[in-house]
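**Q** Handing you this structure, nothing more for now.
The values are calculated or read from the model by the stated rules, or taken from the named source; none is laboratory data. Predicted, not measured: the structure shown is a model, and the values here were computed from it. Neighbour counts run over all protein chains shown; Cβ positions are idealised from the backbone, glycine included. To get the accessible areas, we keep the full protein, side chains included, count just its heavy atoms, and leave off ligands, DNA and RNA. Shrake-Rupley method; radii C 1.70, N 1.55, O 1.52, S 1.80 Å.
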Amino acid sequence: MRDLFLLDPEVCFLNHGSYGACPAEVFAAYQHWQRQLEWQPVAFMAPKHLAALNRGVRQALAAELGVAPEDLVGMVNATEALNIVLLGLDLKPGDEIVTTDHEYAAMDKTLAVLCARTGARVRQVTVPLPLASETAFTDTVVGAFTPRTRVLFLSHITSPTALRLPLERAVAEARARGILTVIDGAHGPGQGALDLGTIGADAYAGNCHKWLLAPKGAALLHVRPEHQAGILPRVFSHGWEQDGSAPFGDSAFLDRLEFQGTRDRAAWFAVPAALEFRQAHDWDAVIAGCSALVTSTAERIAALSGYPLLSSVEFRAPQMVTLELPPGDTAALHDRLLDEFGIEIPVVDWAGRRFVRLSVQGYTTQADCDRLVAALGAVFGWSKD
Ligand SMILES: Cc1ncc(COP(=O)(O)O)c(C=O)c1O
């Protein structure tokens, strides 16, 4: 399967999680859309044409995610989507945002900007580790709610620790209290089945360019209908009408976010090609194989290192695992693994401890994982696998 991707064959690439990797076939679809734009820019950018293209992508994706296509809008990345939702919130001094200690560092910065602008504050809960109980997680989150809580902000799959947070009940409890639920699903789409209807969040931002295999620059934002009028674009352009009418497409919500000056949206238009690629290659079976390889590799490394796993299998990301290592310089270890062993894998500092995060995608082999185990064994002097 490695030959179907465009990755450097010299590198043992175990970091799908950071930026994804796009199959050659899907990348060709991406370039097709770029060429279409260059071929006849005026016809391509005509609002009717763009609206139809966007509608097609939304429909394909909505079928995959269990939601209505008109509640879904294309974005460049999860960061953009979450900034649009969070920085548009009308919070007051003293209002609280409940979140966890596993959030993506860049989103913590967005929350800090929101707090600086509004006087709101973040209440960060500590997720109980190892995460092995949905009840423990939900109780921790719900226990942090106060009468001032306005927002619950959670990662679906956490970046530093690769946990799949069991967030459905926490989301429901929050919504029952009138707390807005915003989910950072940067790693959500494509890593196993994803049903946004079941999660039920008010807003869910997900990347298509990570696990869904789309080219970089393709993401989605899902917003429940009752909140769509309150979602303001970060860029006000042709799609904006003060009165909430829709000049081009299916709704004001969509027009505001889809018509924002001259942009290359080829990555978004290539999302259906990514979905077709997955279907043609029986991707559910591929994910099951990846998941088994993640589990066995994680168990081998944990046995050698002596550090416990961060969660039981059910609360781990299907295709990623974060493993603790002895303390030390993270950047130096990353560079050594790459330079000496040819392995590209993120080494992260989290909670003052050092970890590696292993990603397993369809192109990852048992031999790749063996190489990682051997390299870590050599670096840390682990006697034998
Ligand atoms: C949990 C989480 N949120 C947000 C992001 C940001 O994604 P993007 O750079 O595509 O906006 C990432 C990226 O790895 C992430 O892991």
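**Q** Considering the dipole of the stretch 282-380 built from charges on the beta carbon (Lys and Arg +1, Asp and Glu -1) around the Cα centre, which of 343, 293, 312 is farthest to its positive end?
**A** Positive-end residue among those listed: 312.
**Q** Taking all pairs of distinct Cα atoms, average 1/r, flip it, and tell me the Kirkwood hydrodynamic radius of the chain in Å to one decimal place.
**A** 21.8 Å
**Q** Using a 1.4 angstrom probe on heavy atoms only, work out the carbon and sulfur share of the accessible area of the stretch 259-339 in %.
**A** Numbers: 1830 of 3330 Å².
Carbon and sulfur together cover 55 percent of it.
**Q** In vacuum, with every alpha carbon of the stretch 282-380 counted as one equal point scatterer, what does the Debye formula give for log10 I(q)/I(0) at q = 0.17, 0.18, 0.21, 0.23 Å⁻¹? Two decimals, please.
**A** The Cα Debye sum returns log10 ratios of -0.73, -0.82, -1.11, -1.31.
**Q** Here's a follow-up. Normalized C-alpha radius of gyration of the stretch 218-285, against 2.2 N^0.38 Å?
**A** After normalising by residue count via 2.2 N^0.38 Å, the value is 1.39.
**Q** So for the chain: antiparallel DSSP bridges make up what percent, rounded to the nearest 5? Intermediate results must be reported in sequence, preceding the final value.
**A** Working: 23 of 43 bridges.
Looking only at bridges with both residues in the chain, the antiparallel portion is about 55 percent.
**Q** Please name whichever of 236, 102, 18 sits farthest to the positive end of the charge dipole of the chain, dipole taken about the Cα centre and charges placed at Cβ: Lys and Arg +1, Asp and Glu -1.
**A** 236
**Q** Considering only C-alpha atoms, what is the centroid distance from the stretch 5-80 to the stretch 267-307, in Å?
**A** The two parts, judged by their Cα centres, are 20 Å apart.
**Q** Quick one: which residues, 5 or more positions from residue 96 or on another chain, have an amide H under 5 Å from its amide H? H modelled 1.01 Å from N in the peptide plane, none for Pro or chain starts.
**A** Amide H neighbours of residue 96, under 5 Å, 5+ apart: 121, 149, 150, 151.
**Q** So, for the chain, what is the accessible surface per residue at a probe of 1.4 Å, expressed in square angstrom?
**A** 41 Å²
**Q** Here's something else I'd like to know. Tally Lys/Arg at +1 and Asp/Glu at -1 over every other residue whose Cβ is under 14 Å from the Cβ of residue 291; what's the total?
**A** Here the count lands on -1.
**Q** So, one more: Report, to the nearest whole %, how much of the accessible area of the stretch 1-145 belongs to carbon and sulfur atoms, 1.4 Å probe, protein only. Spell out each step's value before the answer.
**A** Details: 3800 of 6870 Å².
Carbon and sulfur atoms account for 55 percent of the accessible area of the stretch 1-145.
**Q** For Cα pairs less than 8 Å apart in space and 6+ apart in sequence, what is the mean separation divided by the residue count of the chain, i.e. the relative contact order in percent?
**A** The normalised contact order for the chain reaches 21 percent.
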